[in-house]
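Here's the structure, in C-alpha cells; my notes come after.
The values are calculated or read from the model by the stated rules, or taken from the named source; none is laboratory data. Please read all numbers here as calculations on a predicted model, not as lab measurements. Don't worry about glycine lacking a Cβ; one is built from the backbone with ideal geometry, like all the others, and counts go over all protein chains shown.
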Amino acid sequence: MDGYKNIWVWIETSSDGAARSVGLELLTPGRKMADTIGHSLIAVIIGSGADAAVKSAMAYGADQVILLDDECFAHYNTEIFTDALQELVEKYKPDTVLFGATANGRDLAPRIASRVHTGLTADCTELSIDAETGNVQWTRPAFGGNLMAVIECPNTRPQMGSVRPGVFKKGLRDDSRTVEVINETVKPPAESRAKIVEFIADAAENMVNLEEAEIIVSGGRGLGKPENFELVKALADALGGVVGSSRAAVDEGWIPHAHQVGQTGKTVGPKVYVACGISGAIQHLAGMSESDTIIAINKDPDASIFGVADYAIVGDLLEVLPALTAEVKRLKADKA
Amino acid sequence: MNILVCVKQVPDTTEIKINPETNTLIREGVPSIVNTFDAFALEMAARIKDTQDAKIVVMSMGPDQAKKALKECLAVGADKAYLVSDRAFSGSDTLATGYILSEAMKAVEAQEGPFDIIFCGKQAIDGDTAQTGPQLAEHLDYPQITCISDITVEDAKIRATRETEYGKEIWESSMPVLVTVTKPPYEPRYPTIKTKMAANKAEIPVLTIAEVKADPEKSGLKGSPTRVKKTYVPVLNKNGIIIKEEMAADSAKKLAGLLSDAGLV
C-alpha cells in the first residue's frame, strides 16, 4: 500500500460545467481526514467547460484540482468516465477516493472500485480516518437503518466510499482561494456501448429535487386523504421548501414516487425536515434522519418519528398545518 | 432472447425488530422475501417475455434456503433457476460477490446459452449498497445502465429509461448488457395456484465453487477488501422539544416562534 497518497473527492459536474453540491459537501470531511493524516485534499473534476466547478472546488477548500476537461465528458457515461478515472487513479495513486452517492456516483464508484480491485463502502453517514492505520472508518446504515456498521478497507488502496447528498455540509465559500490546477488528458475514449440518447424533462408534478432541497415538508398516511396534501404544499410554499412524502402516501396513490423519502425513495439531508402525519417507520427514518432540524407533527404521542424530532407537535394535522402556515407567513412578512 | 435475472433473498426489513434489552437486531422469525427491487427486475423481464419469444433464467447466491426465493421467481415468470451456494462464498463483500456471480453466470451460460440482458435490482434492501450489479458488469466487461424504470428491446439493442435526481434519461446499449432496476410504474404480477405448484416441483441445480470454477482467493472473506469492524443499533431518542398546547393554533404559534428564534424561518 506504499506510495498511495492524498484524499480525492470526485466533483460531479452538471452539463453546464458547475459542480453538483454533494462533491463540494464532501470537501468538508475530506479536509478533516486529510489533516488527520497529513495528506492533501484533491478535487478531481471530469467535465466539459468546468471552470465554475474548478472555482467552487478551490473556494470550498481543495488543496489542488485535477481537471479533465473535454467535450467527450459533457454528459456522464459509465464507460468513458470509468476509463478516465482509472487512468488518473493509476497515475496518481490516491489513498482515498470519495464519491457523492448520486445516480451517477452510484453508477461510477462500484465500476471503478471493481476495475482497480479495491473496497468500496456505499452511502456513508459518518467518516473519519484512523491516524495510526490510515484506514478510513466508513460508517453506514444497513437493514433499512436498523443497524449501523463501521467498515474498513485494511489491505487495498485506494479505499473508496460514497456519501449521499446532504449528509455533510459545505464549508464557507472563500472565493479568494486559488490553488494549483493540473490539466490532465487521457487517451481518447473508444465508442461506448451504452450511452445517453435523450433527456426527458419531467412533468412539473414529478420535478422535485429533494436531495438538494434545504427545506422539505413531507406528508404521510396521517393526512387521511389526498386532498390534504394541499396543506403540506401550502406549508412548504410558505417556508420556501419542497414537498416530500412517506412510502405509505405514495402507496395510497396520493403523490408520485418521485417525492418519496426513505429507503425505497430518496435519502435527504435538508436544513429543516417537517414530517406531517408520518409515523416514522425505520425505512423512512433511514432516508431523513441526517436532516439538521426535524419537526414532527403527529396526533399519536408514541409515534416513533418523535424519537428523531427536535421539535414535536402532538396534535391534529388539519388544525396544526393551516395555523403553522399562517404563522410562518406572518413571521416572514414581519421580517420582510 | 435469453435473459438472466439475479435475485437475492433478504430479510423483510420492515419486519425487523430491535431487542430493547440487548439493543441488538432480532433476526429470528423475520420472514425472508425476494429483494423488492429484484422482484421489479423480474417483472420487467417477464414483460419482455409477454411480448416476444424469450427465456428467463434466475440465479441467486446464498444458502440452501434461498431456493425458496428462487421458487417464488419460477411462479411469476422465470423458466429456470440456479442457486450458487458454497461455504467458500460466505462473507463475500460486493466485489467478491460480483466476481463469483460473473463466474457463475458463465457456468449457467454453458447450460442455457449466452444471455442477452442481465437484470439486477437496483439495490438489495438489507445492504442497500447498489454495488453488486455494476461490479458484476465490470467483471464481465459489459456495458451497464443503472436505475432504470423501463426497457424496450429493438433489434440488436435496448433502450432504457434511467431515473436520476435531475430527471429521466433515455439510454441505448448494444447487447449483451447489464441493467439495474428501480421501481417501475407497475407492480410485480402474482402467482397462480398452477404456477405455484409447478414452481414447487421444480428442480433447482446448485452450483458450488467447483462448478462455478471461482478462484477461492477471490471469493468469500479472502476475496473481500472490505471488513465490517463493528456494528451497533442506532439509538433514536433525541429528546426534542415537545409542544402540546390545548389549541392547535397555540402549538403552531409556539413552534413558529421557536423556529424563528433558531433562525430557521
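Listed by first and then second residue, the pairs linking a residue in segment A:325-336 that is outside the structural domain of A:Ile295 (by TED's automatic domain parsing) to a residue that is part of a helix (DSSP H, G or I), with Cβ atoms under 7 Å apart and 6 or more places separating them unless they lie on different chains, form an empty list. The numbered conditions (1) out of contact with any helix residue (DSSP H, G or I) (no Cβ under 9 Å at 6 or more places or on another chain); (2) farther than 21 Å from B:Val57 by Cα; (3) of a type in the set (D, E, K, R) are all true for B:Glu203 except (2).
Return yes when A:Ile305 is more than 7 Å from every other protein chain (Cβ to nearest Cβ), crowded, with 19+ Cβ neighbours inside 10 Å, touching a Leu at 6+ places or on another chain (Cβ under 8 Å) and not in a loop (DSSP other than H, G, I, E, B) and no when it is not. Considered against the rule, which asks whether it is more than 7 Å from every other protein chain (Cβ to nearest Cβ), crowded, with 19+ Cβ neighbours inside 10 Å, touching a Leu at 6+ places or on another chain (Cβ under 8 Å) and not in a loop (DSSP other than H, G, I, E, B), A:Ile305 comes out as yes.
Looking only at strands (runs of 3 or more DSSP E) that fall completely inside segment A:85-148, which ones have 2 or more residues that are surrounded by fewer than 20 Cβ atoms within 10 Å (Cβ to Cβ) and either touching a residue at least 40 places away in the same chain (Cβ under 8 Å) or not polar (S, T, N, Q) (or both)?
A:126-129
Does segment B:38-57 include one or more residues that are within 11 Å of chain A (Cβ to nearest Cβ) and either under 24 Å from A:Ala286 (Cβ atoms) or touching a Ser or Thr at 6+ places or on another chain (Cβ under 8 Å) (or both)?
Scanning segment B:38-57, I find at least one residue that is within 11 Å of chain A (Cβ to nearest Cβ) and either under 24 Å from A:Ala286 (Cβ atoms) or touching a Ser or Thr at 6+ places or on another chain (Cβ under 8 Å) (or both), so the answer is yes.
Taken over segment A:236-278, the criterion of being touching a residue at least 12 places away in the same chain (Cβ under 8 Å), under 19 Å from B:Phe37 (Cα atoms) and not aliphatic (A, V, I, L, M) is satisfied by A:Ser246, A:Arg247, A:Pro256, A:His259, A:Gln260, A:Gly262, A:Gln263, A:Thr264, A:Gly265, A:Lys266, A:Thr267. When restricted to residues that are outside any loop (DSSP other than H, G, I, E, B) and touching a residue at least 40 places away in the same chain (Cβ under 8 Å), segment A:1-60 contains 30. The residue that is surrounded by the most Cβ atoms within 10 Å (Cβ to Cβ), counting only those in segment B:115-139 that are touching a Ser or Thr at 6+ places or on another chain (Cβ under 8 Å) and in a helix (DSSP H, G or I), is B:Gly133.
Summed over segment A:64-88, residues that are closer than 13 Å to A:Trp8 by Cα and more than 14 Å from chain B (Cβ to nearest Cβ) total 5. If you check B:Lys229 against the conditions, is it touching an Asp or Glu at 6+ places or on another chain (Cβ under 6 Å), of a type in the set (Lys, Arg) and within 12 Å of chain A (Cβ to nearest Cβ)? For B:Lys229, the condition - touching an Asp or Glu at 6+ places or on another chain (Cβ under 6 Å), of a type in the set (Lys, Arg) and within 12 Å of chain A (Cβ to nearest Cβ) - is met. One residue stands out in segment A:162-199 among those that are among the acidic types (Asp, Glu) and either in contact (Cβ under 8 Å) with a residue 40 or more places away in the chain or assigned by TED's automatic domain parsing to the domain that holds A:Asp123 (or both): the one that is surrounded by the most Cβ atoms within 10 Å (Cβ to Cβ), namely A:Glu184.
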